[in-house]
Amino acid sequence: MKDLKFDTIAIREGYRTTNEQEHSEAIFLTSSFKFDSAEQAAARFAKEEPGNIYARFTNPTVDAFEKKLAALEGAQACVATASGMAAIFTTIMALVKSGDHIVASRNMFGTSIVLLNTIVSKFDIAISYVDLSDLSQWENAVQDNTKLFLLETPSNPLGEVVNMVALSKISQANDVLLVVDNAILSPALQTPLKLGADIVIHSATKYIDGQGRCLAGAVLGSKETIEQVAAFTRTTGPSLSAFNAWIVLKGLDTLSLRMKAHCKNALKIATWLENQPQIEKVHYLGLKSHPHHSLAKTQQSGFGGIVSFEVKGGKTAAFKLINATEIFSITANLGDTKSTITHPASTTHGRLSDEEKADANITDGLVRLSIGLEDIDDLIADIKI
């Protein structure tokens, strides 16, 4: 079958049955696989014969997840990892070496910045930070040894975006790989590879799972690039377990439906927040007041479920609002069916310096909501401003 639509691919792609012909994908909970003979073992290790070898780098359940996600992202290949951060680190370590240079958005998830500053930099890899949406900064930051552009768009938690088509022209002109974290939207709302990205990264822990059950990550791109990433995961072992692969594989079945509902609820609550006098500013791409609203419409099919806002009164007022909620879960996770609330300056971006927070526009009064699938009227009533 060819030219299948997103929802059909999400449910049917990657599905493989055993001799039992089960209707749901099986979980292969085994550390290794048996061979029919010593000759077969040798052939598989030599890559002369396809087949499973050892669960650190071959497992049918993990393979099913990789194939399905690759089909949804329009990628030639995918390698799954133990978490989203493992996916980012694996990508960098597989494709960058000592003496190389990375240009990264300063408008990223706080742990990504900590990873670059405290671990990646130890390998004599230079890092330059630029404002996500400023194309001139990306272009001016390129050096002779620049290997990667690393960013997330939309950004977490403020929803900034960059023109990926224009940025890809800059990266291609300078022989730089464009790496995009797509966890905030998922392939249901955005496919960066079709906009010129070379690599897409996911924290499948977020919307792909969608129910806060497990950790998972993925790296997607061309077959040649992913072979390099897979070689790193095979040797170093940041692998996705079969059970977690099964969880996120089943999460993909309902991804499209959930993302539409997240977007609908998020727009309603963002619109309501924008009219509250105690709120200084609301950050949601679906609002016409967001400076990147028009650009987002050209490269996304929806605006996602993340709404952030700045409450008057700084940290004290933000904590008071968070503590007064009864339905929202106070947690730093996002992408769940359950709505969550957090204070980025002291949680997701808490390890950044004051200067780094200021550069990323993370203020003490900023509150981030991940809007779930509860009744929207109940969620609005729960935010006591």
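Note that the stretch 257-267 has calculated 3J(HN,Hα) couplings of 4, 5, 5, 4, 5, 4, 4, 4, 5, 5, 5 Hz, one per residue in order, obtained from phi through the Karplus relation 6.51 cos²θ - 1.76 cosθ + 1.60 (θ = phi - 60°); glycine and proline are x. Site pair Q76 and R213 shows an inter-label distance of 3.3 nm when each label is modelled 7 Å from Cα along Cα→Cβ. Against the set [x] 35, 26, 18; [y] 67, 20, 15; [z] 39, 24, 18, the structure's computed semi-axes √(5λ) of the Cα gyration tensor in Å falls on [x].
Principal-axis analysis of the Cα atoms of the chain puts helix 242-253 at an angle of about 60° to the longest axis. Scoring 39-50, 330-341, 79-90 by mean Cβ neighbours within 10 Å over their residues and listing the highest first yields 79-90, 330-341, 39-50. Shown in residue order for the stretch 178-189 are the 3J(HN,Hα) couplings computed by the Karplus curve 6.51 cos²θ - 1.76 cosθ + 1.60 at θ = phi - 60°: 9, 10, 10, 7, 10, 5, 5, 10, 6, x, 5, 10 Hz (x for Gly and Pro).
Under 10 Å from the Cβ of S329, count the other residues' Cβ atoms, weight Lys and Arg +1, Asp and Glu -1, and hand me the total.
Numbers: positive: K338; negative: D336.
Residues close to S329 contribute a combined charge of 0.
The stretch 185-335 has equivalent-ellipsoid semi-axes of 33, 20, 14 Å, by the square roots of 5 times the alpha carbon gyration tensor eigenvalues, sorted largest first. Note on the chain: helix-only mean residue ellipticity at 222 nm, from DSSP H runs of 4+ residues weighted -39500 (n - 2.57) and normalised by residue number, equals -11000 deg cm²/dmol.
Report the normalised scattering of the stretch 200-254 as log10 I(q)/I(0) at q = 0.29 Å⁻¹, calculated by the Debye formula with identical scatterers on the alpha carbons. For the requested q values the scattering log ratios are -1.12.
Comparing K264, K68, K297 in a Gaussian network model of the chain, where Cα atoms under 10 Å apart are tied by springs, the biggest mean-square fluctuation is seen for K297. Once C-alpha pairs closer than 8 Å and six or more residues apart are averaged by separation and normalised to the residue number of the stretch 256-382, the relative contact order reads 29 percent.
Pulled fully out, how much extra length does the chain show between K97 and K315, if you take 0.36 nm times their separation in residues and subtract their Cα-Cα distance?
On the way: separation 218, 0.36 × 218 = 78.48 nm, distance 4.07 nm.
The K97-K315 span can extend by a further 74.4 nm.
Mean sequence separation of contacting Cα pairs (under 8 Å, at least six apart), scaled by the length of the stretch 310-375, corresponds to a relative contact order of 42 percent. Taking the C-alpha atoms only, the angle from helix 223-236 to the longest principal axis of the chain is near 90 degrees. Relative to the longest principal axis of the Cα atoms of the chain, the long axis of helix 84-95 makes an angle of roughly 60 degrees.
FYI, it's all coordinate maths here, none of it is from the lab. Fair warning: this is a prediction, and the values are worked out from it, not measured in the lab. Positions of Cβ are backbone-derived with ideal geometry, glycine not excepted, and every protein chain shown enters the neighbour counts.
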